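Report on one structure; see the data block that follows.
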Ligand code: FES
């Protein structure tokens, strides 16, 4: 049911934890299952220099967050804003259809963390237009 890549990121997830004095913190929930994802970002000159995640989530949420955090580490904020759960799924080699919604948590938590960073630093990113972490619905 789960491929080797997914199992690897699930059993040995990268970037688990939290960052003290993070530049951006984002937390989102999945209304479908009640799971929660929290992402911490360290941002220096528009580059993500550190990222950690914590979750009350299932194995698929852990695997996709592990992969998503690896994909954005060392990249620009813009790159991270344009990362979709489809990109993450592709890198993971896919998830069972019923678990695809779990991968949305990572994408949304990253956006929420950047939203927090943008607010604290008076920055505007066009990718965040209309994005409000407080009214996210995850009916995927
Ligand atoms: Fe909730 Fe996967 S079942 S995130």
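How high is the relative contact order of region 24-138, in percent, with contacts defined as C-alpha pairs under 8 Å that are six or more residues apart?
Worked out over region 24-138, it gives 33 percent.
Tell me the label-point distance for the pair residue 131, residue 44, using the 7 Å Cα-to-Cβ offset, in nm and rounded to one decimal.
In this crude label model, residue 131 to residue 44 measures out at 2.3 nm.
Please state the equivalent ellipsoid semi-axes for the chain: what are the square roots of 5 times the Cα gyration tensor eigenvalues, largest first, in whole Å?
Those come to 23, 16, 13 Å.
Would you compute, from DSSP H runs of 4+ residues alone, the mean residue ellipticity of the chain at 222 nm, taking -39500 (n - 2.57) per run and dividing by the full residue count, rounded to the nearest 500?
-12000 deg cm²/dmol
What does the extension gain come out to for residue 1 and residue 87, with contour length at 0.36 nm per residue minus their alpha carbon separation?
Gain in length upon complete extension: 29.0 nm.
Rank-order 54-64, 124-134, 36-46, 103-113 by packing density, defined as the average count of other C-beta atoms within 10 Å over each peptide's residues, highest first.
Ranked by mean Cβ neighbours within 10 Å, highest first: 103-113, 54-64, 36-46, 124-134.
Considering only DSSP beta bridges whose two residues both sit in the chain, what percent are antiparallel, to the nearest 5?
95
Does region 71-140 come out rounded, prolate or oblate by the C-alpha gyration tensor, with a ≥ b ≥ c the root eigenvalues, rounded set by a/c under 1.5 and, if not, prolate when a/b is larger than b/c and oblate if not?
oblate
Rounded if a/c is under 1.5, else prolate if a/b is larger than b/c, else oblate: which is region 8-50, with a ≥ b ≥ c the root eigenvalues of its Cα gyration tensor?
Judged from the Cα gyration tensor, region 8-50 comes out oblate (a/c at least 1.5, b/c at or above a/b).
Over the Cα atoms of region 32-115, what radius of gyration and what Dmax do you get, in Å?
Considering region 32-115 through its Cα atoms, Rg and Dmax are 11.9, 38 Å.
How would region 1-76 be classified by its alpha-carbon gyration tensor: rounded, prolate or oblate, with rounded meaning a/c under 1.5 and the a/b versus b/c comparison settling the rest?
The shape class here is oblate.
Starting from the Cα-Cα distance between residue 54 and residue 75, subtract it from 0.36 nm times their residue separation and give me the gain in nm to one decimal.
Value of the extension gain: 5.5 nm.
Take the Cα of residue 32, step 7 Å along the line toward its Cβ, and report every residue of region 64-108 whose backbone nitrogen sits under 11 Å from that point.
96-105
Read-outs throughout are calculated quantities, based only on the coordinates presented, and are distinct from any laboratory measurement. Remember, it's a predicted structure, so these values are computed and weren't measured experimentally. Here the Cβ is made from the backbone with ideal geometry for all residues, glycine too, and neighbour counts use every protein chain on show.
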